[in-house]
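Notes for the one structure printed next.
A short reminder: the numbers here are calculations on the coordinates, not readings from a lab. These numbers were taken from a predicted model, which means no experiment stands behind them. We place every Cβ from the backbone using ideal geometry, glycine too, and count neighbours over all the protein chains shown.
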Amino acid sequence: MGRNSACERAHIAAPADGDPRTGADDTHPGADVFRPRAPAPRRSWDVLAVIALGGGAGSVARYLVEDALPAGDTAFPWATFAVNVTGCLALGALMVFVLDVWPPRRYVRPFLGVGFLGGYTTFSTCTGEIVQRVAHGAWPVAIEYAAGSLAACLAAVCVGLAAARAVTRLPLRRGREVTP
C-alpha cells in the first residue's frame with residue numbers, strides 16, 4: 001500500500017541534458033546530433049514467450065465467444081461487444097491487483113494483461129464490424145455499436161477498478177490524491 005500510484009509509476013520523465021542514455025549534451029549546441037545512443041536493452045525472450053502463450057489463450061477464448069454468438073452483416077455484433085466489455089472490466093481489476101495488491105511478479109502482467117487480455121479483446125474486429133455495417137447500410141447499428149462500445153468499455157474499466165479496490169479495501173484514487 002505504501003507504493004506509488006499506478007499513474008505515478010506509469011509517468012516517464014524526459015531525460016535531462018547530459019544524460020548518457022540520450023547523448024544530450026548542453027555544452028555544445030548540436031554536438032550530440034550524431035553521437036550514438038546507448039544500445040537498447042536486450043529482449044527478454046522468456047517474457048515474450050509468456051506474452052505469446054497468454055495471447056494464444058486469449059485469442060482462443062475470444063474465438064469461442066464469437067463462435068457461440070454469431071452475428072450477421074447488419075445485426076449488432078454482441079459477441080465482440082461482450083468480449084471487449086468483459087476484457088475492459090478484467091483489465092481494470094487486473095491493474096489494481098498487479099500494481100497495488102500483489103507483490104511484483106515477472107510474468108503476471110505480461111501473461112494476463114498484455115497476452116491474455118490483449119488476445120481476448122479486439123479493437124480491430126470492432127472497427128471492422130462497424131465498417132461492415134456501414135457498407136451494408138446499417139448506419140444506426142454501426143453508430144450504436146461504436147458509441148456503445150466506447151461508453152461501455154470505459155465504464156467497464158472504471159467498474160473493474162472500483163470493484164477491485166472494494167474487494168481489496170484499497171481507497172479509490174482520484175488523480176494523485178487518495179480520498180479517505
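The table below lists the values:
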{"quantity": "Table column - 3J(HN,Hα) (Hz), region 149-163, Karplus curve with 6.51, -1.76, 1.60, x for Gly and Pro", "calculated": "5, 4, 5, 5, 5, 5, 5, 5, 4, 4, 5, x, 4, 5, 5"}
{"quantity": "Sites residue 68 and residue 44, calculated FRET efficiency, Cβ-Cβ separation with R0 41 Å, nearest 0.05", "calculated": "0.70"}
{"quantity": "Net charge over other residues, Cβ less than 15 angstrom from the Cβ of residue 153 (K, R count +1; D, E count -1)", "calculated": "-1"}
{"quantity": "Residue-count net charge about residue 84 - beta-carbon cut-off 14 Å; Lys, Arg +1, Asp, Glu -1", "calculated": "-1"}
{"quantity": "Contact order relative to length of region 47-178, as percent, for alpha carbon pairs under 8 angstrom and 6 or more apart", "calculated": "38"}
{"quantity": "Farthest positive-ward along region 47-178 dipole, Cα basis, beta-carbon charges - from 130, 52, 92", "calculated": "92"}
{"quantity": "Label zone at residue 158, where the point sits 7 Å out along the Cα-to-Cβ direction: region 81-114 residues whose backbone N lies under 18 Å", "calculated": "85-96"}
{"quantity": "Derived scalar couplings ³J(HN,Hα) [region 89-106; Karplus, 6.51 cos²θ - 1.76 cosθ + 1.60; whole Hz; x for Gly, Pro]", "calculated": "4, 5, 5, x, 5, 4, 4, 5, 5, 5, 8, 10, 10, 6, x, x, 10, 5"}
